[in-house]
Amino acid sequence: MYRTAPLVLLALALFAPRVLAQDEDKPLHKTGYRVINVHRHVDSPSPEAVKAELEVLDRVGVSAIVVLDGGTSDGKLPAWIELRKKHPERLIVFGNVPWGRIKQDNFFENLPREIADQHKLGVQGLKIFKQLGMSIRDGKGELLKGDDPRLDPLWAKCGELGIPVLIHMADPKEYWYPLTYNTFHYGMKSEQEQHYDRDKMPSWEELIRQRDHILKKHPKTNFIGAHMGSLTFDLKQLGETFDKYPNFSVDCSARTRILGRLNPMAVRDFFVKYQDRILFGTDSSALNNVKPDDEKAVAAWKDRASRFYSRHLEYFETNRVDIVEPYGWGKEWLRIPGVKLPPQVLEKFYHANAEKLIPGLTRKKD
Ligand SMILES: [Zn+2]
């Protein structure tokens, strides 16, 4: 018996069907819907990066992106606004808080004026990165809480100007779990950065509390919680947060690896129930780590990015069971079942909710 084992193995290796279908050979999934990606990064106002990104969008039928890296009025923002003028239908720019100036006198007092200046320049929203609550320290060296009263005039100003705040606070709850065999990122390069030292970091619960407190204090300001509001592990709690705070919506970016581990029927039911509150987003940045003059590398990036978008669209539009998780986690071993949202839900999720929350979204008549 044991003598035949090598032959059996050889036969298996030669003739067994490939267990995991690869999606590189499949045509890209091009959407027929109008799609706005509300969570995208283009780190600097580089015409080459924008050009590459727009070519990718054309391949998959996506209309526009929100660039979350507008920066500040004395930084890269003016250059972003110039670039936006060249692509008014396709680029939406969100500004950022000048945390680098936090040690300056009157930093907090000046924030409403800074955001008003950004608005005058043309930003259509404000993006808050996750460092708020986790690592930003005030002039005295104290960790700045998201719901610190000194930030209240900033949130209020955004409401007054009618621009949404896309806010990333906390992260998936599992980043606070101990590293074990049950760790999703087990053995991956990202294992360490997706794990927090619970002794040094505020707890997940505390960060969610701070975020919810901001929502409560500022009912006239619209907030979009990045990455399903860091609540993908408890959609019931996310639903309750929606019910409690009508000024709260979320984007779904960078969470298909968690949604894809849930029963697709449950995900669909949740997206149907909260169809007015969830916006399409992907995260990840255009031409990241690629030199714009390296033609081959740019072409390869465009292929990868097109596949990345295509997998997202397939996940939301089809009920295929063999979709490669868009980010290709862990050398692409994760297959996720599509949730096939109803067309009227897709219309809201893909663009109508964004058009409601983000001012000045232009749309040429088709
Ligand atoms: Zn992001």
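Among residues of region 31-51 being out of contact with any Lys or Arg (no Cβ under 8 Å at 6 or more places or on another chain) and polar (S, T, N, Q), the one that is farthest from the ligand (Cβ to nearest atom) is THR31. Does GLN210 satisfy being farther than 20 Å from HIS351 by Cα, part of a helix (DSSP H, G or I) and in contact (Cβ under 8 Å) with a residue 40 or more places away in the chain? Here the answer is yes, as GLN210 does meet what is asked.
Are any of the residues in region 216-230 away from the ligand (no atom under 16 Å from the Cβ), of a type in the set (Lys, Arg) and closer than 19 Å to PHE308 by Cα? No, because not a single residue in region 216-230 is away from the ligand (no atom under 16 Å from the Cβ), of a type in the set (Lys, Arg) and closer than 19 Å to PHE308 by Cα.
If a residue must be at pLDDT below 95 and either among the acidic types (Asp, Glu) or out of contact with any strand residue (DSSP E or B) (no Cβ under 9 Å at 6 or more places or on another chain) (or both), how many such residues does region 334-362 contain? Residues in region 334-362 being at pLDDT below 95 and either among the acidic types (Asp, Glu) or out of contact with any strand residue (DSSP E or B) (no Cβ under 9 Å at 6 or more places or on another chain) (or both): 1 in total. Just name the residue that is farthest from SER190 (Cα to Cα) out of those in region 233-259 that are among the hydrophobic types (A, V, I, L, M, F, W, C) and within 16 Å of the ligand (Cβ to nearest atom). If we take residues in region 233-259 being among the hydrophobic types (A, V, I, L, M, F, W, C) and within 16 Å of the ligand (Cβ to nearest atom), then VAL250 is farthest from SER190 (Cα to Cα). Give region 269-294 a look and list any residue that's outside any loop (DSSP other than H, G, I, E, B) and either hydrophobic (A, V, I, L, M, F, W, C) or within 17 Å of VAL42 (Cα to Cα) (or both), or say none. Hits for region 269-294 are PHE270, PHE271, VAL272, ILE278, LEU279, SER285.
Restricting to region 56-102, and then to whatever is of a type in the set (A, V, I, L, M, F, W, C), in contact (Cβ under 8 Å) with a residue 60 or more places away in the chain and assigned to a loop (DSSP other than H, G, I, E, B), can you tell me which residue is nearest to PRO45 (Cα to Cα)? Among them, the one singled out is LEU68. Among the numbered conditions (1) modelled with pLDDT of 95 or more; (2) of a type in the set (Phe, Trp, Tyr); (3) closer than 29 Å to TRP333 by Cα, the only one that TYR177 does not meet is (1). Just one of the listed residues (LEU9, LEU28, LEU54) is at pLDDT below 95 and away from the ligand (no atom under 16 Å from the Cβ), namely LEU9. The residue of region 125-148 that is farthest from the ligand (Cβ to nearest atom), among those that are hydrophobic (A, V, I, L, M, F, W, C) and either in contact with a helix residue (DSSP H, G or I) (Cβ under 7 Å, 6 or more places away or on another chain) or assigned to a loop (DSSP other than H, G, I, E, B) (or both), is LEU144. Among the residues of region 278-299, the ones that are without any contact (Cβ under 8 Å) to a residue 24 or more places away in the chain and within 16 Å of the ligand (Cβ to nearest atom) come to 1 in all. For SER203, indicate whether it is of a type in the set (Gly, Ala, Ser) and at pLDDT below 95. In short, no.
Give region 53-91 a look and list any residue that's touching a Leu at 6+ places or on another chain (Cβ under 7 Å) and more than 25 Å from ALA300 (Cβ to Cβ), or say none. Within region 53-91, GLY70, GLY71, SER73, LEU77, PRO78, ILE81, ARG84 qualify.
The values are calculated or read from the model by the stated rules, or taken from the named source; none is laboratory data. Quick caveat, the model's predicted, so the values are computed rather than measured. Glycine also receives a Cβ, built like all others from the backbone with ideal geometry; neighbour counts cover every protein chain displayed.
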